[in-house]
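Let me begin by presenting the structure, written as structure tokens, before commenting on it.
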């Protein structure tokens, strides 16, 4: 077996908001019993499993009498739901990503200023559902510039963006929208870490023979990374853990790139890296190799 | 000679703002002597000549004791200049296009709201110079998306557009700008009549063998129409009057398109149409032909 070169994205894994939410939750777990998250805290099954072992499980049933503390996940929740929780007996800890909270406030501001609010994002995503609740009853969700024909005779349009949307979609969308309206106010709420992760991943995908994208199959931003790599015509696998890696993937491969979504923990990325090195023949074989960081 | 078909743009010639300014000026000429326009009222030498015959000539020298009434032209003037006029002995009539006035107010609003103001337009154009005076001392003028690297680390950016800019430039510019800023507010101040005239001209250019673009050589919007036609690969002539038309242009031509800038009067367009019909062989020859409107 020949030595394999691994290029790992510097920005792979936990972003600021996820790190913060996971820390808050582990801290709450230590403090007492009856701690639940409303739905999965982040889109990563392995982290959720680990949290469950610490005694913090996801729940959808807020009538459950066992709830003493309810943690609101990174994606945020609709305003009305939040308000009902304030009347309940349990304590609420808000682990909504601060960047999502900012986007919620911008959606409300645009609505208060009388703009027709557009949310650019995936209507099924919990973040977008939370944003909608702040954007007023006339707000609409669009997920591509093909949908722009829905905007007719609008004078004042305000836009907020799902924090994990790709920048090029925003660029195309706003470029087309501006000619259809008299006044346009845009809060570019795309999270910088998402944009930089996508950019770095794209650059790595160009330089390798194989890309491993690590993260929850239910994670939108991880799936986006995998889609991006596939579009670069490099062989790509989207996996959740190292156990999914097959030896034949690595066969005849000189360079492997590793990237990971914002909700993928460092230990999963490390395990993947080790497994590739083991299969690739430069695990503990004493040969000098790249540090894995570039 | 064979019959020639003429397709004349419905939106050729005077726009709302120009019509208004010319009417104001002819009315002022009738009322009394000592009426001057500050620079040429519109960018059309033939109209200016006609106004001069009525006794209203352009002047740049506002110290001239003969001035009793000074008319401000369609493109507007810088705010500071306007303020100095209010202290003078002469009467000021403001014939600034109402759409340009709106753009001036939007530039001021963006500045008052603390945005870094960008004016998208030609820095040499009098309208853009007038807009600048309302946009605050930090405002900058950009005329293409190539210049966007000048925008670095800007958080809140506000944009107004020279009213005669093409829509596709605005689209490209805003599409690129949005990814460089956190907050973007755009007043799409492109005049609808400019956009529609460009659109109609483009459609006609596709269907004819020859395009005649009528209007002042010093008119930005007329020049833009000529550039657009040339880009459509149709043989194009930008002329000011019918006397410039040469017989050989019409030879072997079946269909001619006529368009004209916003400052081109109807009588110039009519003379051009007649001259083409005369050369093309269906002037007063009794043959049935198209009405010239489509």
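The values are calculated or read from the model by the stated rules, or taken from the named source; none is laboratory data. All of these numbers come straight from a predicted model, not from anything done at the bench. Every residue, glycine among them, receives a Cβ derived from its backbone with ideal geometry; neighbour counts consider all protein chains shown.
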(message) Give me the residue from segment A:139-156 that is assigned to a helix (DSSP H, G or I) and surrounded by 15 or more Cβ atoms within 10 Å (Cβ to Cβ) and, out of that set, nearest to the chain's Cα centre (by Cα).
(response) A:145
(request) Determine which single condition residue A:185 fails, assuming it passes every other condition in (1) within 14 Å of chain B (Cβ to nearest Cβ); (2) free of Cβ contacts under 8 Å to residues at least 60 places away in the same chain; (3) surrounded by fewer than 24 Cβ atoms within 10 Å (Cβ to Cβ). (result) (2)
(message) Restricting to segment A:1-34, count the residues that are without any contact (Cβ under 8 Å) to a residue 24 or more places away in the chain and either surrounded by 14 or more Cβ atoms within 10 Å (Cβ to Cβ) or under 22 Å from residue A:225 (Cα atoms) (or both).
(response) 1
(request) Give the number of residues within segment B:1-25 that are out of contact with any helix residue (DSSP H, G or I) (no Cβ under 6 Å at 6 or more places or on another chain) and in a loop (DSSP other than H, G, I, E, B). (result) 5
(request) Kindly indicate whether any position in segment A:120-138 is within 14 Å of another protein chain (Cβ to nearest Cβ) and assigned to a helix (DSSP H, G or I). (result) no
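In segment B:157-181, which residues are part of a helix (DSSP H, G or I), in contact (Cβ under 8 Å) with a residue 40 or more places away in the chain, more than 7 Å from chain A (Cβ to nearest Cβ) and within 20 Å of residue A:159 (Cα to Cα)? Before the answer, list the steps.
From segment B:157-181, those part of a helix (DSSP H, G or I) are B:167-180; that's our starting set.
Pick out the ones that are also in contact (Cβ under 8 Å) with a residue 40 or more places away in the chain and you get B:169-170, B:173, B:177.
Now drop any that are not more than 7 Å from chain A (Cβ to nearest Cβ), which leaves B:169, B:173, B:177.
Those that are part of a helix (DSSP H, G or I), in contact (Cβ under 8 Å) with a residue 40 or more places away in the chain, more than 7 Å from chain A (Cβ to nearest Cβ) and within 20 Å of residue A:159 (Cα to Cα): B:173, B:177.
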(message) Let me spell it out: the conditions are (1) assigned to a helix (DSSP H, G or I); (2) closer than 30 Å to residue B:33 by Cβ, and residue B:87 meets all of them except one. Which number is the exception?
(response) (1)
(request) Examine segment A:219-232 for a residue that is assigned to a helix (DSSP H, G or I), under 16 Å from residue A:268 (Cα atoms) and assigned by TED's automatic domain parsing to the domain that holds residue A:254, and state whether such a residue exists. (result) yes
(request) Could you figure out which of (1) exposed (fewer than 14 other Cβ atoms within 10 Å of the Cβ); (2) part of a loop (DSSP other than H, G, I, E, B) isn't true of residue A:42? (result) (1)
